[in-house]
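What follows is a single structure, written as structure tokens, with notes after it.
Any read-out appearing in this document is the output of simple, stated calculations on the displayed coordinates, not a laboratory observation. What you see is a predicted model; the values in this text were computed from it and never measured. A quick note on method: Cβ atoms are made from the backbone with ideal geometry, for glycine too, and the neighbour counts reach across all protein chains shown.
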Amino acid sequence: MRLITHNMLSSNIKGVTNGFPLRIQVEKVVEKEVDFNPDFLRNMFAKIEWKALTEASKTLGYADLPEETEPLMLESEEFLRKLHHALLELHLEEGALVCPETGRKFPVNKGIPNMLLHEDEV
Amino acid sequence: MVKRGNNPLFLQLAVLKDEVKQLESLLGSLRQFESPKIELEQYPTGSHIASRLLYTADTSFGDVRDKVVADFGCGCGTLGLAAGLLRAQHVIGYEVDAETVEIAFSNADELEIDMDFILCNIKNFRFPDNHVIDTVVMNPPFGTRNKGADVDFLRVALKVASKAVYSLHKTTTRDHIQRTSIRELGASSAEVLCELRFDLPQLYKFHKKKKVDVAVDLWRFVPKSTCER
């Protein structure tokens, strides 16, 4: 599971109001190279929850993203390459996603998060 | 098999370029459901329909290449993987059945496509408001087992997609889908791209015939633009 996907996931348990972002428990991270596409990254930038991305990225072992951003950074290839790496090349293979409100764990196996709810959570 | 309908909105899909045939061939080699579950209406999408659906979405509308594509109810991953083969930037498959996700995962591995999968129920899943997903492609349940399932999927897809939703629905539901999508589900447009015939082999014991031919519409919906929502 890439961080671009993690950036879209929140806890769907009934009654939870602060379900984003899901905390990450890491057991295995894999890096897979992907072609650099700066236009895509520039388009995505406005839609990303930045703090969630930097936190998640650090948890997966990549701490190079700046904490604060400004539009000029989108002109910088160096910045875009860091964004590229964090968003698309880091994969959480094994571990769990944790609801920040309830602590409930959604296991991640082979990169696939299991977000099926139990009957009492629906 | 693709048959032409009398539909005035008919779009020629059968431009048999090599790329479509290659795509169809790759998709045709994928593993499918081993013990399809009736209550989930599990049927393979079929490489013929899948290749043409994605090829059209890509070449006629620019909705695939370099985009973020979601496959709702991805099953064995056929539609999502087709998007990946057509160079979508990122593809996510959403599926409720764990056994099926295993198959989809192995298919992605086989094709060397990096597709993310999420095991979840679309109906209670929380999607963010930021419209990271550009295009939704899906072959949703027809609603024969769980009434209204087809519309449920469409409702979610139209909330989530920023550019377009491609979906397959029984031709018998055409008027209903047209009305509902525009009046209730927030589509700014709804177009039948073409009518297809879906060959369903005798998957379930209760099917009397060996093969059942179902007329299916391939739809393209455009959600209202994000500022209107």
Using a basic spin-label model with each label point 7 Å from the Cα along Cα→Cβ, how many nm lie between residue B:172 and residue B:123?
-> 2.1 nm
Tell me, how many Å apart are the Cα centres for segment B:51-113 and for segment A:42-81?
-> 26 Å
Nearest 0.05, what FRET efficiency do residue A:58 and residue B:18 give at R0 = 35 Å with Cβ-Cβ as r?
-> 0.15
For q = 0.13, 0.21, 0.22 Å⁻¹, Debye-computed log10 I/I(0) when each Cα of chain A counts as one equal scatterer | -0.52, -1.16, -1.24
Segment B:87-154: spread of alpha-carbon positions along the three principal axes, whole Å, largest first, is 36, 31, 18
In terms of modelled amide H atoms, which long-range or inter-chain residues lie less than 5 Å from the amide H of residue B:74?
-> B:94, B:95
Any idea what the relative contact order of chain A is, in percent, if you count C-alpha pairs under 8 Å spaced at least 6 apart?
-> 39 percent
Which whole-Hz couplings ³J(HN,Hα) result when phi for each residue of segment B:133-140 is put into the Karplus expression 6.51 cos²θ - 1.76 cosθ + 1.60, θ = phi - 60°, listed in order with x for Gly and Pro?
-> 6, 7, 10, 10, 10, 7, 10, x
Which of A:62, A:122, A:19, positive extreme of dipole for chain A (C-beta unit charges) = A:122
Under Stokes-Einstein, with the Kirkwood radius over Cα pairs standing in for Rh, what whole-number D in µm²/s applies to segment B:151-200 at 37 °C and 0.692 mPa s?
-> 284 µm²/s
Roughly speaking, what is the stretch gain from residue B:152 to residue B:197, that is 0.36 nm per residue apart minus the C-alpha to C-alpha distance, in nm to one decimal?
-> 13.9 nm
Determine the calculated [θ] at 222 nm for the protein assembly as shown from helices alone, applying -39500 (n - 2.57) to every DSSP H run no shorter than 4 residues and normalising by the residue count; nearest 500 deg cm²/dmol.
-> -8000 deg cm²/dmol
Note the angle between two axes, namely the Cα long axis of helix A:50-59 and the longest principal axis of the Cα atoms of chain A, as a number of degrees from 0 to 90, rounded to the nearest 10.
-> 80 degrees
Diffusion constant of chain B at 10 °C, which comes from Stokes-Einstein with the Kirkwood Cα-pair radius and 1.306 mPa s, µm²/s | 91 µm²/s
For the protein assembly as shown, convex hull of alpha carbons as volume per residue, Å³ | 143 Å³
Would you mind checking which residues have amide H under 5 Å from residue B:217's amide H? H placed 1.01 Å from N; only 5 or more apart, or other chain.
-> B:169, B:170, B:171, B:196
Under a 10 Å cutoff between Cα atoms, tell me which one of B:131, B:90, B:169 has the largest fluctuation in the Gaussian network model of chain B.
-> B:131
For residue A:120 and residue B:144, FRET efficiency with R0 = 35 Å and r from the beta-carbon atoms, rounded to 0.05?
-> 0.75
Unit Cα scatterers, Debye sum, segment B:19-129: log10 I(q)/I(0) for q = 0.14 Å⁻¹ | -0.51
Considering only B:146, B:124, B:107, give the residue with the highest GNM mean-square fluctuation for chain B, with springs between Cα atoms whenever their separation is below 10 Å.
-> B:124
Could you tell me the largest-minus-smallest coordinate of the C-alpha atoms of segment B:11-72 on each of the three principal axes, in descending order and whole angstroms?
-> 35, 24, 22
Along each of its three principal axes, how wide is the spread of alpha-carbon positions in segment A:46-95, in whole angstrom units, largest first?
-> 36, 18, 18
Report the semi-axes of the equivalent ellipsoid for segment A:1-62 in whole Å, largest first, where each axis is √(5λ) for an eigenvalue λ of the Cα gyration tensor.
-> 22, 16, 10
Which of these, A:88, A:72, A:97, has the largest mean-square fluctuation under a Gaussian network model of chain A (Cα springs below 10 Å)?
-> A:72
Segment A:47-103: relative contact order from alpha carbon pairs under 8 Å, six or more residues apart, as a whole percent, is 30 percent
So residue B:29 and residue B:109, fully extended at 0.36 nm per residue minus their Cα-Cα distance, gain in nm 27.5 nm
Can you give me the relative contact order of segment B:70-137 as a percent, contacts being Cα pairs under 8 Å and 6 or more apart?
-> 39 percent
